[in-house]
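Structure first, commentary second.
None of the figures in this text is laboratory data; all of them are computed from the coordinates on show. Small disclaimer: the values here were computed from a predicted structure and weren't measured. Neighbour counts run over all protein chains shown; Cβ positions are idealised from the backbone, glycine included.
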Amino acid sequence: MSVDRTPDHDRVLARAGLLGLWLPLVLLAVVVVAQVILLPRMPDPAAVHWGPGGKVDGWGPAWSFPLLTALVGGGIVVLTGVASRAGRKRSGGPLDLRFVSAMNLWLVGFLGSLTLLLVVLQLDLDDASAVAVPFWMILPSLALGILMGALGWFLTPRIEAAGPTASTPDAVALRPGEHAVWLKTAAMSPLAVGLILVAVVSSFAFLAFSLVAAAASPEAWVIGGSTLLLGVLVTVMTVFRVRVDGSGLSVRSAVGWPRVHVPIDEIATVEVVHVNPLGDFGGWGWRFNPGYGQGIVMRTGEALRVTRTNGKKLTVTVDDAATAAALLRGLKDRSRA
């Protein structure tokens, strides 16, 4: 499923690249340079971790701040910005890169302003232990991130493709009493697995740094356990089994959970669409988009989309989606005959 390039198509890509990749990187670079310039005025060691009450409970080198800003902020922006555009230059679907622009600009606004604030609060101090950071001091950074994210969302245009964005295969003709089953495995793409591994490794590296800085405080261990649990949950959702039979459409992870089932009598329409994970759903895995509904998104490419009788949608990226759609239509037609 492909589409001819148009001037509007190119303009959307150019603006999305500016707002979702280049502008966030430039802003992050400004923050990092400012932090590096201010390093000589920071105490040694610097405060790098604050407990629930806003009091310092961890110390480290002052260069931790520009390093964190550059690696975490810059790494996420580059990965999401580049990955979202991969395949979009030849996409057959509508261009909707607003989520990427919003996410990256939110990250820059929040992380960049917060780390810079933490640096400024420690300037010219002999002892960083006196720097208190109560929760309310984080709110301006959060508000700035939300504002920048909203601007990124509304300033990034969305256009429909110049060619067809979906197809509806002819229904498979089934005789009364005839049984038919379609089975496929939907596995996450190597690129997506790589991004997840980078995210998990980065999270654990940051966690290790926090544990050391916080002297292995109980709060840090709670954060560590939560991060590990999240990593496990994400990992089990890299492979899904997709089944179409007389009962409808069933999708479950390789370990059996999570899973979703759409009964045949609840299916209103079935179609094959083209999906870009970051551009359409903001990432890989079990996702949700207000316009596209629920998505089990493993890779860029063809996907089976089912719309329920109540209007809710389920999109599953899977090979040979046209056969699955044709069989579902045939089963649906027979059940209503």
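Under a Cβ-Cβ cut-off of 11 Å, what is the net charge of the residues other than VAL306 that fall near it, where Lys and Arg count +1 and Asp and Glu count -1? Walk me through the numbers before you get to the answer.
Numbers: positive: ARG305, ARG308, LYS312, LYS313, ARG329, LYS332; negative: GLU266, GLU271.
Computed value for this residue: +4.
Please list, in order, the residues from the stretch 114-146 whose amide nitrogen is less than 18 Å from a point placed 7 Å along the Cα→Cβ vector of ILE37.
114-124
What's the extension gain from THR185 to LEU67 if we count 0.36 nm per residue and subtract their Cα-Cα distance?
Working: separation 118, 0.36 × 118 = 42.48 nm, distance 4.03 nm.
Using 0.36 nm per residue and subtracting the Cα-Cα distance, I get 38.5 nm.
Between the stretch 7-76 and the stretch 102-161, what's the alpha-carbon centroid distance in Å?
What the calculation gives is 9 Å, centre to centre.
Once you have the Cα-Cα distance between ILE146 and ARG241, take 0.36 nm times their residue separation minus that, and quote the gain in nm to one decimal. Display every interim value, and only then the final one.
Values: separation 95, 0.36 × 95 = 34.20 nm, distance 3.70 nm.
Separation in residues times 0.36 nm, less the Cα-Cα distance, equals 30.5 nm.
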